[in-house]
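Okay, so here's the structure we're looking at.
The values are calculated or read from the model by the stated rules, or taken from the named source; none is laboratory data. Quantities reported herein were computed from a predicted structural model and do not represent experimental measurements. Cβ placement follows ideal geometry from the backbone for every residue including glycine, while neighbour counts extend to all protein chains displayed.
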Amino acid sequence: MSQICLSIDLERCTGCKSCEAACKQVNGLGPDEYHNKVMWLGDPSLPELDFLTVTCQQCERPACLRACPVVPKALSKDPDTGVVSVDESLCTGCGECVLACPYGAMGYDPVDNHAVKCDLCAPRRARGEMPACASVCPTRAITFGKREDLLNLAHEADKPVRDHDHFLQGPATLYLDRARGPESTPSKDPLAAKHPPTVQGSPLSGASTTSKWVQIPYRKVDDQQPDEVKPGGCNICFNGCTLKFGIKDGEVVQILGNDEDPVFQGRICAKSQMMLQLYRNPSRLTHPLKRCGPPGSETFERVSWDDALDDIAARLKAIRERDGSEALAIHMGTRTGVLNIMGFVPMFAQMWGTPNFLTTEPFCDASKVVAMELTLGSTCQPNIYTQEDIGSAELHVYFGDNQAETRPVNFGMVNDWRLRRGARMVVIDPRLTATGSKADRWLAIRPGTDMALALGLIHEIFYQGWHDSSFCEQWVQGWEVWRDFIQEQGYTIDWASDLTGLSAELMRQLARDIAHADGCMIFASRGINQHSNGTQANRTLMFLAAITGNWGRRGGGYFNVASEPDWGRVQVPDDHRSPIDRPALGNSPRQWLQGMLEDTPYAIRGLITGNNPAAHWPDQQRVQEAFRSLDLLVHMDLFFNETSALADYVLPAATGVEKGGISRLAEDRRIVWNDRIIDPPGEARSDHWFWIELGKRLGYQSVLQDRYKDPAVFWDEVLRQATPSLKGVTMKRLTSTPYRWVRIPVSDETAAEPDTLYLEGTTAFGCDPGKRFPTPSGQLEFWNATIEAKFRSLGLSSLPHFYTEAEAYSGQPRVVPGDCATEVSPFFHRPTLTDSVSLRDSIGDDEAKWDTQLVTGRPTASHFHSWTHYFWQAQEMWPDLYCQIHPDKAAPQGIRDGELLIVESPRGRLEARAWVTSGIHPDVVFIPIGWDTQQPFHPWGSVNTLTEGTLDPVSHQSNLKLHRCRVQAARKS
């Protein structure tokens, strides 16, 4: 017998559940049916997090087969491969095999009443393919092959193989532990003293999925193969994963990774695959709706597109006549698509005459964008996900970036490369995330103090003389000014230790490691961006990378999620452009609320939006009050949500391959293209169709032309032409490869794709010869008179004065509004109103009352904002809103794991399920975003009931990472 099996590397698994998603779609499994299941394991008393993929062990002496009472047996063992399979036609559903399996690996079909189990994807193997779980695994934790070969590979890598044959079954599946180190301890059973968090189990509501949600390919009878396969990309997150869409009878019936992609090699996360539950979802909006009752009454009637568009246009004209064209605000998120937010909507806004158009950037990465433009002169980040670049780093340091859950495939590559090289990883985060669980060291920092940590590291590096003096002198403008300032301010390791709560010894070790590593990749994300010090925190981390020579090199750099092209403005002809006489009301939609509620500095009376601001903007109570006051609220989306309930018109949107276009902007500068390959449901239409049709009613048809409804035409003729770095990304080039992406910048169709940017001896794209970086000086710019003047105009300095949130601990500096009148900011590309500020020490009012710090952020890898809350499988994986809380915080309140708790802030009250874990700072609770009260499965309130969102004075980024709150048990004593 040539035994085949799976090898599961516990050191690589991050619990993303991509294998679960793949297994269900290719094996036609419905709710509550499993061939494999990923368990999150932890000990509430210890900061530990492990992940265990439970699947059939293909045992030598299978208990399931011996227990089967049917004659002939419904279970059999292949004499050649050792694979155990079930014949569903013989199975009587007695359940004896399920009870007999000591590994809990047998599943059960509660609809057709028979056992189900993993047979290593027998139909796929018959076609020469590997099991689905191994083909998609983002982290390369699952491999497939002959058991003898996999054992040899484990021994060559010095990977311990766990002994889990406690039941004398002869399991074939291999579980690999961390590689043996010089001080390694014997491996322990992953189940010992650990259990899954209760919140991952059955929902509190007890509700289960009904059959209306389960459609092809789930619960299919046989192995239905697609008629054709088309390449494309996932448009959910910044990973920019490439996909293969399987089409049958005009419907998408399979979504797997594109195995022809030279970077991803077919690896994808669960979200990409669960888009199968998007296209024919029974909760999709399919027809335009007009509100009949008062806002929030949820009384709507179906109307035609023509009637809706005619009335919207008429009401817009009335707003313009009474309050001016700037009284219309437009907020479009990334669900809308890049072609819309960078093309159609800016063109419409120019012709209409409003400066108040924004994307989700102010809640996402506005502070990073401003910092990158100031320092680098570009938002095109240098590094890329190749083994020669990011994979060659000797040290990876994550500041507030949970990449394992937010971009699982990219993290899988990083972790794989570092394990192969023996590189190190440090994660700085208030909670032990999936990313932190894989690190060599997790530093549980206090929220809002990352900038203090970076300043302390910089001080230590200069004090010890560890900086790269040659790089500083040649390529870092203002480095001596920053150095002297940091020394004068006394931003030492000991000072930073007091603020961050981190050990001074560990901080000194981190400074030494960063300075001496042969390549250090510093990763940052929303944990840095979403603060009122976001711009300065980003600039300080950039300085840390620069002074250690980790910029413009392979294996070293500063990286903060999406890498955008330097967008050129899509211009409309002068004779079609309406005058815009007033500056924008800030660079954040939060600044529109005053215009909606108080008409100051001027009125906002209409809003067209394409995501869910009523749940996802901070200060939700005030947001909903403002929306109720509007004369017109138009909401275009995929599903009915809290914003829909307040809207005058709810319009059904198309998504992804229902409309075509480029995917989300990938981290490493890849532009991924999707064809329009299926029709949207009902009367749903693409966003760009909406803007063109609305434009017709306002006289814009000669600019927003009908032929631009074809996204390929609009990309080639309009959007690509406006941005120099995209000029070479023609449709011909995008569609010429089997993986459908091109890495920018490329100046023409025949230009070679660049790899790492800004290498020594190179010239930055579009710059004069010799300019290594795309700044006026050709250097990385941290201080000069021009930059200083910009900050001074707001009452600040460009030097890195440390400050944090108003709701931080007392005594820490914070920004407060100044005394001067509203003025125009120098940090944005269009006239934008802002306020001057000053720095003062926070006074910590009511610290005893509000004794806990609230952090918000993305949930686990199987969820993304609100999209996935309409996917039944994502609800199986993580159903309920949860609140991570430390045992030391939970115990005095009588809060038990999995039970309901109440979180209150000065702004509101929210219920959630307790996840008691030592993997979080003792003074912090974490509640994820994405839930709202309109969702079909397990509705919960939004965490933004509790947030207020104080703005970064430079970028207008909202603080979403540090708010004062208190917690208590919900049950009555």
(request) Identify all residues within the stretch 581-623 that are modelled with pLDDT of 95 or more and of a type in the set (V, I, T); write none if there are none. (result) I604, I608, T609, V623
(request) Give me the pairs, please: first residue somewhere in the stretch 594-623 and at positive phi, second residue anywhere and of a type in the set (S, T, N, Q), beta-carbon distance under 8 Å, and either six or more positions apart or on two chains. (result) D619/N944; D619/T947
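To keep it simple, each residue is scored yes or no on (1) touching a helix residue (DSSP H, G or I) at 6+ places or on another chain (Cβ under 7 Å); (2) closer than 30 Å to I580 by Cβ; (3) surrounded by 21 or more Cβ atoms within 10 Å (Cβ to Cβ).
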position	(1), (2), (3)
T286	no, no, no
S297	no, no, no
S325	yes, yes, yes
G333	no, yes, yes
N340	yes, yes, yes
G343	yes, yes, yes
(request) Those residues that are of a type in the set (A, V, I, L, M) and over 17 Å from Y218 (Cβ atoms), I need them from the stretch 270-305; list them, please. (result) L285, L289, V303
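Suppose the filter is farther than 30 Å from Q594 by Cα, modelled with pLDDT of 95 or more and in contact with a Leu (Cβ under 9 Å, 6 or more places away or on another chain); does R302 pass it?
yes
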(request) Collect the residues in the stretch 554-581 that are farther than 16 Å from A366 by Cα, crowded, with 18+ Cβ neighbours inside 10 Å and either touching a Pro at 6+ places or on another chain (Cβ under 8 Å) or of a type in the set (G, A, S) (or both), keeping them in residue-number order. (result) G555, G556, G557, V570, I580
(message) Can you say whether D687 is assigned by TED's automatic domain parsing to the domain that holds E717, more than 30 Å from R577 (Cβ to Cβ) and charged (D, E, K, R), as far as the supplied structure shows?
(response) no
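Conditions (1) modelled with pLDDT of 90 or more; (2) part of a helix (DSSP H, G or I); (3) within 20 Å of D416 (Cβ to Cβ); (4) not assigned by TED's automatic domain parsing to the domain that holds G104, marked per residue:
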| position | (1), (2), (3), (4) |
| --- | --- |
| T139 | yes, no, yes, no |
| G145 | yes, no, yes, no |
| G170 | yes, no, no, no |
| S187 | no, no, no, no |
(request) Select the helices (runs of 4 or more DSSP H) contained entirely in the stretch 681-758, then report the ones holding at least 3 residues which are in contact with a helix residue (DSSP H, G or I) (Cβ under 8 Å, 6 or more places away or on another chain) and either surrounded by 17 or more Cβ atoms within 10 Å (Cβ to Cβ) or hydrophobic (A, V, I, L, M, F, W, C) (or both). (result) 687-697, 711-714
(message) Only one of R664, R670, R676 is within 22 Å of F238 (Cα to Cα), touching a residue at least 24 places away in the same chain (Cβ under 8 Å) and surrounded by 24 or more Cβ atoms within 10 Å (Cβ to Cβ). Can you tell me which?
(response) R670
(request) For the stretch 755-774, enumerate the residues that are out of contact with any Gly (no Cβ under 9 Å at 6 or more places or on another chain) and free of Cβ contacts under 8 Å to residues at least 24 places away in the same chain. (result) G761, P769
(message) Looking at A890 and the list (1) outside any strand (DSSP E or B); (2) touching a helix residue (DSSP H, G or I) at 6+ places or on another chain (Cβ under 8 Å); (3) of a type in the set (A, V, I, L, M), which single condition is not satisfied?
(response) (2)
(request) Consider H531 carefully, then state whether it is over 28 Å from the mean Cα position of the chain (by Cα), outside any helix (DSSP H, G or I) and in contact (Cβ under 8 Å) with a residue 24 or more places away in the chain. (result) no
(request) Specify which of the listed residues (L502, L506) is in a loop (DSSP other than H, G, I, E, B), in the same structural domain as R483 (by TED's automatic domain parsing) and either hydroxyl-bearing (S, T, Y) or in contact with a Leu (Cβ under 8 Å, 6 or more places away or on another chain) (or both). (result) L502
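Here's the yes/no breakdown for (1) hydrophobic (A, V, I, L, M, F, W, C); (2) in contact (Cβ under 8 Å) with a residue 24 or more places away in the chain; (3) crowded, with 22+ Cβ neighbours inside 10 Å:
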{"position": "S918", "(1), (2), (3)": "no, yes, no"}
{"position": "D923", "(1), (2), (3)": "no, yes, no"}
{"position": "Q934", "(1), (2), (3)": "no, yes, no"}
{"position": "T950", "(1), (2), (3)": "no, yes, yes"}
{"position": "L960", "(1), (2), (3)": "yes, yes, yes"}
{"position": "R966", "(1), (2), (3)": "no, yes, no"}
(message) Residues to consider are F802, F791, F773; find the one that is aromatic (F, W, Y), outside any loop (DSSP other than H, G, I, E, B) and surrounded by 20 or more Cβ atoms within 10 Å (Cβ to Cβ).
(response) F791
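Residue by residue, here is whether (1) under 33 Å from the mean Cα position of the chain (by Cα); (2) in contact (Cβ under 8 Å) with a residue 24 or more places away in the chain; (3) not assigned by TED's automatic domain parsing to the domain that holds L632 holds:
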{"residue": "M274", "(1), (2), (3)": "yes, yes, yes"}
{"residue": "G293", "(1), (2), (3)": "no, no, no"}
{"residue": "D306", "(1), (2), (3)": "no, no, no"}
{"residue": "T354", "(1), (2), (3)": "yes, yes, no"}
(message) Out of the residues in the stretch 1-54 meeting the condition of being over 27 Å from the mean Cα position of the chain (by Cα) and hydroxyl-bearing (S, T, Y), tell me which one is modelled with the lowest pLDDT.
(response) S45
